[in-house]
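Presented below is the structure to which this report refers.
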Amino acid sequence: MFYRIEKISEDTYRFNENGRANCYLIVGKEKALLIDGCWGIGDLKQTIREITDKPVIAVATHRHPDHTCGLRQLSEYYVSEKDNTKYNRRLENRLFGIAMALAEKQKIRSYHNQKPGLALRLNDGDIFNLGDRAIEAKAIPGHTAGSMMFLDHSKKLMFAGDDVNPKLWMQGNGATSLSEWKIGANLVLDYMKQGYTAWIGHLNGRQIPEQLVVIMDMVDEIIAKKKNGQLTKKDSPYRRQDALPEIRFNIENIY
């Protein structure tokens, strides 16, 4: 089985793709919203149909292959134009999904030959109306310049992709500075303080306020060390007591 399905709220599901990544399905009265698509090594489209036969809108928290390769099984998806870079488009090569399947000794499906879905522009503040649920997109630049989170205000649910991941990767092409990341992280934390439950793109899906506060404190430590000339490349990944959270950074892109 490629996907483990967990019901996380009423008409809301987490699909975990063989422990590699999470995507989320929100089902409304008239439509459903798929947030991210994982690697796409399983039949994601059929898995969705096991839950609902309603029309599906697809969105991406950011344009990395472990979140968008699976969206090739759908005709189109929404993603921030800030992530519409040549580098990110190259990462959507179907060979990534095939390599993942081979690594897991899994059968390669024919949908790996499908072309990537059409990327539609996603803007800060866009609303996706599902009939009885309205999901709002909010920009949280950090892990990528175009990182977005999605808010279900009616159920106080928040889907933040990789931007507040306890394995925070800020060293990649297209990541913002750690100082800019803090702006989005503070927004996420503010919603948590209002009672929103945060779901992320990896591990067991949950992010809690206490852990996010630790991550933010660690980012402050990295920034302070950089300013004091105490930071080196060897400090990445940055950890406390050799355990999560961990932060990978580009020493040239701290503030």
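Please go through the residue pairs 193/233; 7/193; 167/226; 82/233 and name each one whose alpha carbons sit more than 31 Å apart in this structure.
Values: 193/233 34 Å; 7/193 23 Å; 167/226 20 Å; 82/233 27 Å.
In this structure, 193/233 lie more than 31 Å apart at Cα.
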*Roughly how big is the chain's charge dipole about its Cα centre, with Cβ charges of +1 (Lys, Arg) and -1 (Asp, Glu), in debye to the nearest 20?*
680 debye
*Under the Karplus curve 6.51 cos²θ - 1.76 cosθ + 1.60, θ = phi - 60°, whole-Hz ³J(HN,Hα) for segment 197-205, x wherever Gly or Pro sits*: 8, 9, 10, 10, x, 9, 6, 7, x
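Only helices at least 24 Å long along their axis, Cα-based, and averaging -1.0 or more on Kyte-Doolittle count here, so list those DSSP H runs from the chain. Please list the in-between numbers first.
On the way: long enough: 209-227 (27 Å, 0.25).
Qualifying helices, which must be both long enough and hydrophobic enough, are 209-227.
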_DSSP bridge orientation in segment 3-249 - percent antiparallel, rounded to nearest 5_ = 65 percent
*Report, ordered by chain and residue number, the lysines lying within cross-link reach of residue 45, taken as a straight Cα distance under 16 Å and ignoring same-chain residues fewer than 8 apart.*
31, 54, 115
*For residue 208 and residue 102, calculate 0.36 nm times their separation in residues minus their Cα-Cα distance, and state this gained length in nm to one decimal.*
34.8 nm
*Using helices alone, what [θ] at 222 nm do you get for the chain, with -39,500 (n - 2.57) per DSSP H run of 4 or more residues, divided over all residues and rounded to the nearest 500?*
-7500 deg cm²/dmol
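Between residue 253 and residue 240, 0.36 nm times their residue separation minus their Cα-Cα distance comes to what? Before the final figure, lay out the partial values.
Numbers: separation 13, 0.36 × 13 = 4.68 nm, distance 2.11 nm.
Length difference between fully extended and current span is 2.6 nm.
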*Gap in Å between the Cα centre of segment 203-219 and the Cα centre of segment 1-30?*
21 Å
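Every read-out reported here was derived from the displayed coordinates using simple, explicitly stated rules and does not represent laboratory data. Here the structure is a predicted model, which is why all the values come from computation and not from measurement. Using ideal geometry, Cβ is built from the backbone for each residue, glycine included, and neighbour counts are taken over all protein chains shown.
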